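The values are calculated or read from the model by the stated rules, or taken from the named source; none is laboratory data. Quick caveat: nothing in here was measured; it's all calculated off a predicted structure. Quick reminder, even Gly has a Cβ in these numbers, built from the backbone with ideal geometry, and neighbours come from all protein chains shown. Heads up: the accessible areas ignore ligands, DNA and RNA and are worked out on the full protein's heavy atoms, side chains in. Shrake-Rupley method; radii C 1.70, N 1.55, O 1.52, S 1.80 Å.
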Amino acid sequence: METENNKKPYLHNAKYYETDQMGIVHHSNYIRWMEDARMDLMRQFGISYKDMEDNGIISPVVSVSCQYKSMVHFGDTIEILAKAVKYNGVRFDLEYEMRDAKTGELRTTAASTHCFLDREGQILSLKHTCPEIDKLFRKMLVQDK
């Protein structure tokens, strides 16, 4: 399956260490999976987080939310569809759908917001400081049909 922006979803196999005593994935791990899916989506669009950091750009999380719909267990494979829904050069918003890769059952919906800072922690606009990276982020946006 591919997302609306024709990129492949991120697949994650739930690890034993991610579970609690009942074999259910602990809620904190979903946030880590979102990070993995975001990095994978960026990579698919030619944006390397390492290259951004080498250019003095960091992108911290400003906010995150998760709505847990059904449990993920050890050994389940989860397909994470990450979608860039808003980007203005300073702020970057994503939405995520996490589904069981075999059944398609919706497990979790989530969202995250990120900003862009320089090494001193000052907000920066990619449009002005790194137009080539800005262009790639703009291509990542899912357009309403």
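Just a few scattered comments:
- In straight-distance terms, cross-link reach from K15 covers every one of the aspartates and glutamates whose alpha-carbon lies under 15 Å from its own, apart from those fewer than eight places away in the same chain; here that gives D36, D76, E79, D100.
- Remark: the chain carries 57 Å² of accessible area per residue (probe radius 1.4 Å; ligands, DNA and RNA excluded).
- Dipole magnitude (debye, nearest 20) for the chain, charges at Cβ of Lys, Arg, Asp, Glu: 300
- Global geometry of region 1-60, whether rounded, prolate or oblate, following the gyration tensor of its Cα atoms and the 1.5 cut on a/c: oblate
- Residues of region 65-90 with amide N under 11 Å of the 7 Å Cα→Cβ point at M22: 71-72
- Between the Cα long axis of helix 131-140 and the first principal axis of the chain there is an angle of about 30°, rounded to the nearest 10.
- Think of the chain as having a plus end and a minus end, set by charges on the Cβ of Lys, Arg, Asp and Glu; of M52, L41, V142, V142 sits farthest toward the positive end of this dipole.
- GNM on the chain, alpha-carbon springs under 10 angstrom: the most fluctuating residue among M22, M98, M34 is M22.
- Helix 28-44 axis, angle to the chain major axis (alpha carbon atoms, nearest 10°): 50
- Candidates S59, S112, S70: whichever shows maximal mean-square fluctuation once the chain is modelled as a Gaussian network with Cα springs under 10 Å: S70
- Extreme residue, positive dipole direction of region 25-145, given options F116, T77, N88 (C-beta unit charges): N88
- Gyration tensor verdict on the chain (Cα atoms; rounded if a/c is under 1.5, prolate if a/b is larger than b/c, oblate otherwise): prolate
- Here region 1-115 exposes an accessible surface that is 51 percent carbon and sulfur, computed with a 1.4 Å probe and the other protein chains kept in place.
- Proximal lysines to K7, defined as alpha-carbon separation beneath 22 angstrom and excluding residues fewer than eight positions away on the same chain: K50, K83, K86, K102, K135, K139, K145
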